[in-house]
Amino acid sequence: MVTIDLTCDSPVAAAPAAAPGGTNSHAAPAAAAPVNQQTHAPPLPCDQGACEAPAGACKALTSQVQGPGEPVVTPPSFLARFSAGWVMAGMATVGVSLAEKERNYSQAIAVLRALLRGSACPGRRGDWWIRLSIDIEHTKDDEAALLAAEAALKDPWVKLGDRLDLQRRVLRLGRPPRRWKRPNWATSVLTDPPEIVIEAKPLASNLGIKSRFYSLVDDSTQLGVEELALEWYASEAGGKWQGLHCEGGIWATLFGLLMWDIIFAPGIPDVFRTKFQTAPLDLGTEAFYEPRRNQIEARLQEIASGAAPDLLTSCWSQHKGRWCAGVNWDRTPLPELLDICRCVGGLGLSVVCRLLAEDYSGWRGGAPDLLLWRPEHGDARVSEVKGPRDRLSESQRVWLKALAAVDVRAEVLRVREPTNGPGGKKQRRK
């Protein structure tokens, strides 16, 4: 049984567990409110009794899930998602969405503040902070919206795309005269990935319809933007790349195969409850990395030193056909996987495996659309493909930055409708 406390009137809210990875990589803005060391979150207006939630809303989020006289038992953190408090926090999040649709921003703000005081669903805290800042901005109080975004950057659970989103909000809302000093991370946040632009004849360009185009080589063939991009990359102009439209699938497969014996390692309490599990219960939570730290670090060193092809071949021969979360045995044959390992390189593979080991659920989304490689050159690149009306999400930006940091070429390919004449295969690079 677990005590869940998400109230606005509780003197001390339950504290989330320390976020994985320790301190934040970006310093918080100087103007942010001081952080409550017990809750890891800045003080909120509801701390002073200014809660605007409807009667009973906060109390509904605050019950002790235990019988009379029963002691409070704290389960492992990765089992918290099976608790009543976790479910109630999810229901409250749905309620926030409904309030926002009705433009009842005061109610949405009150419930978000209550959620941020609690310890349930730490992985959602970034989204809650973003929505809190947006909803406050809807009330025409830009200064308070800025303060909320600045405060969010002090929360160690705000990571990846959510952090980048909030940093961009701080820069947008914090223009002079509200803030005169630019944060030291501003240049990094505002740097866009390299971009290639190609033109293709569209089949349909109605808003709300996924873009489709005629092939660059055959006007009778219709392609989606990703297939069109693969066609261009395979051409002479594009560099004669082999490629896959895989998003995060190929990385999850490589992670599962390279880390197989660590994922299924015995001796970790409570992570395997039945023989039908395809992964330990703590995979996808902050609790996965720490108990296996030594094994993971040793494996990452092996991968970085170039042992990935041997590890992959061994795992394939021993376990082919067995279920493992994220692993797709049928999509990519072993020879192709080996080529990908050699072309991406040990450093790039080890970094991707580290990211997934430390925060599997956080990094499973936003991976680039295409993985491209050239066995004859021994190089690889990734590409996020965007149609005429698409834009990069913050999670996609984070992936591109992470791969570029280890010298894996990471770029955006944008498909545009022709501006000169009926067809067009022009491309330009930014």
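The values are calculated or read from the model by the stated rules, or taken from the named source; none is laboratory data. Treat the numbers as computed from the prediction; the structure is a model and nothing was measured. Here the Cβ positions follow ideal geometry from the backbone for every residue, glycine too, while neighbour counts run over all protein chains shown.
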Q) Of these, P183, P156, which one is part of a loop (DSSP other than H, G, I, E, B), more than 30 Å from E411 (Cβ to Cβ) and out of contact with any Asp or Glu (no Cβ under 8 Å at 6 or more places or on another chain)? A) P156
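Before we move on, is A279 of a type in the set (G, A, S), in a helix (DSSP H, G or I) and within 28 Å of D310 (Cα to Cα)?
Criteria not met by A279.
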(Q) With the requirement that a residue be in contact (Cβ under 8 Å) with a residue 12 or more places away in the chain and over 15 Å from R125 (Cα atoms), what does segment 91-109 give you? (A) G95, A99, E100, R103, Y105, S106, Q107
Q. Which residue, of P291, P266, is more than 25 Å from A367 (Cα to Cα), of a type outside the set (K, R), part of a helix (DSSP H, G or I) and modelled with pLDDT under 95?
A. P291
Q) Of the residues G118, G95, G90, which is surrounded by fewer than 16 Cβ atoms within 10 Å (Cβ to Cβ) and closer than 25 Å to S395 by Cβ? A) G90
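Let's see how each residue does on (1) of a type in the set (D, E, K, R); (2) at pLDDT 85 or above; (3) surrounded by 11 or more Cβ atoms within 10 Å (Cβ to Cβ); (4) within 23 Å of T419 (Cβ to Cβ):
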position: P183; (1), (2), (3), (4): no, yes, yes, no
position: P194; (1), (2), (3), (4): no, yes, yes, yes
position: P202; (1), (2), (3), (4): no, yes, yes, yes
position: N206; (1), (2), (3), (4): no, no, no, yes
position: S215; (1), (2), (3), (4): no, yes, yes, yes
position: D218; (1), (2), (3), (4): yes, no, no, yes
Q: Could you tell me whether L403 is assigned by TED's automatic domain parsing to the domain that holds K210, of a type in the set (A, V, I, L, M, F, W, C) and in contact with a strand residue (DSSP E or B) (Cβ under 6 Å, 6 or more places away or on another chain)?
A: yes
Q. Which residue, of L171, L257, L223, L166, is in a helix (DSSP H, G or I) and within 26 Å of I340 (Cα to Cα)?
A. L257
